[in-house]
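Novice: The structure follows.
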Amino acid sequence: GAGVSQSPSNKVTEKGKDVELRCDPISGHTALYWYRQSLGQGLEFLIYFQGNSAPDKSGLPSDRFSAERTGGSVSTLTIQRTQQEDSAVYLCASSPGRRAKNIQYFGAGTRLSVL
Amino acid sequence: DQQVKQNSPSLSVQEGRISILNCDYTNSMFDYFLWYKKYPAEGPTFLISISSIKDKNEDGRFTVFLNKSAKHLSLHIVPSQPGDSAVYFCAASFSSGGGADGLTFGKGTHLIIQP
C-alpha cells in the first residue's frame, strides 16, 4: 500500500455542517497538494505544503477552507459551514520534492456531496 | 479565465488507429507540461511530460508534441488500445520561480477506444 490514501472515499453532509477530509501521502514525499474537481471542470489547485515551510494557500476559494499537515505527513482539509457549491471530488497528491519535474501522485479522492 | 484548455470533451477512436488529444494554454510563463490519465473512481496517474526546451517526447506508444509559438501541445497514442479508454488531462506548471508548483489542469478529454 505505497500509494496516496484518502478518506473517506465518499462523504454526504448537510449544508452548514463542517467536514474533514484526510490524506496520507506516500512515505517520504515532502510535497503535498490538495485539488478539487467540480462536475465538468478540470482539477483546481487549492493548497500546497512543502516540508516544514508555511503552506501556499493561494488556491483556497474562501476562508471556510483550511488545511493542516501534521508532522510533515498526514494532511487534513477542513471545510466549515459547507455550501452546495462545495460539492466536488477532492483530490490529494504528493511528490518527492518541490520541483515541477517531480511527478505528482494522486489519491483516489473524496467525493463530497452537500445536500 | 482558463489558462489550460482542452476543447474536445470527448473523442472516439477505433482500436489500432492513432488517438490525438489536443491542449492549448494561454500563459507563456508555463514551461513544463504533463499529461495525466484518469479512470473512473481513481485518481489521475501520470502519463508523460515535456519541458519547454523540447518539442517532442516519446515513451512507447505515447508521444507528446509541444509547439511553443502556438502555445499548443498534443498527445499521440499509437496504436490505440481498449485500455486507453479514460479521461486525459493536460496540465501545465512553472518549473522555476516562486509559487507552489501546483499544476494547472484542463477540463479533460474523454477518450473512447472502439473495438
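The values are calculated or read from the model by the stated rules, or taken from the named source; none is laboratory data. Note that the structure is predicted; figures quoted are calculated from it, not measured. Keep in mind that these areas ignore ligands, DNA and RNA; they rest on the heavy atoms of the full protein, side chains included. Shrake-Rupley method; radii C 1.70, N 1.55, O 1.52, S 1.80 Å.
Novice: So what are the ³J(HN,Hα) numbers for the stretch A:35-48, from phi and the Karplus equation (6.51, -1.76, 1.60; θ = phi - 60°), rounded to whole Hz, Gly and Pro as x?
Specialist: Rounded to whole hertz, the list is 10, 9, 10, 7, 4, x, 10, x, 7, 10, 5, 10, 7, 9.
Novice: Given a 1.4 angstrom probe, what's the average accessible area per residue across the stretch B:4-114, in square angstrom? Before the final figure, lay out each step's value.
Specialist: Working: 5030 Å² over 111 residues.
Ligands and nucleic acids excluded, the result is 45 Å² per residue.
Novice: Quick check on my link table: of B:Lys71/B:Lys107; B:Lys68/B:Lys107; A:Lys15/B:Lys37; A:Lys17/B:Lys38, which ones sit more than 23 Å apart, alpha carbon to alpha carbon?
Specialist: Details: B:Lys71/B:Lys107 17 Å; B:Lys68/B:Lys107 21 Å; A:Lys15/B:Lys37 32 Å; A:Lys17/B:Lys38 30 Å.
Cα-Cα > 23 Å for A:Lys15/B:Lys37; A:Lys17/B:Lys38; rest within.
Novice: Would you calculate the convex hull of the Cα atoms in the protein assembly as shown and tell me its volume per residue in Å³?
Specialist: On the way: hull volume 28.9 nm³, N = 230.
Normalising the Cα hull of the protein assembly as shown by residue number yields 126 Å³.
Novice: Still on this structure, I have one more. When the accessible area of chain B is computed with all protein chains present and a 1.4 Å probe, what percentage of it is carbon and sulfur? Walk me through the intermediate numbers first.
Specialist: Working: 2690 of 5470 Å².
Roughly 49 percent, rounded to a whole number.
Novice: To the nearest 100 Å², how much accessible surface do chains A and B hide from each other in total, with a 1.4 Å probe?
Specialist: On the way: alone 6440 and 6320 Å², together 11080 Å².
Using a 1.4 Å probe on protein heavy atoms, the buried area is about 1700 Å².
Novice: Just the number, please: carbon plus sulfur as a percent of the accessible area of the stretch A:15-115, 1.4 Å probe, no ligands or DNA/RNA counted. Can you show the working numbers first?
Specialist: Working: 2070 of 4680 Å².
That share works out to 44 percent.
Novice: Please label the shape of chain B as rounded, prolate or oblate, based on the square roots a ≥ b ≥ c of the eigenvalues of the alpha-carbon gyration tensor (a/c under 1.5 means rounded; beyond that, a/b larger than b/c means prolate, else oblate). Don't jump to the answer; show the numbers that get you there.
Specialist: Values: a/c = 1.91, a/b = 1.61, b/c = 1.19.
Taking the square roots of the gyration eigenvalues as a ≥ b ≥ c, chain B is prolate.
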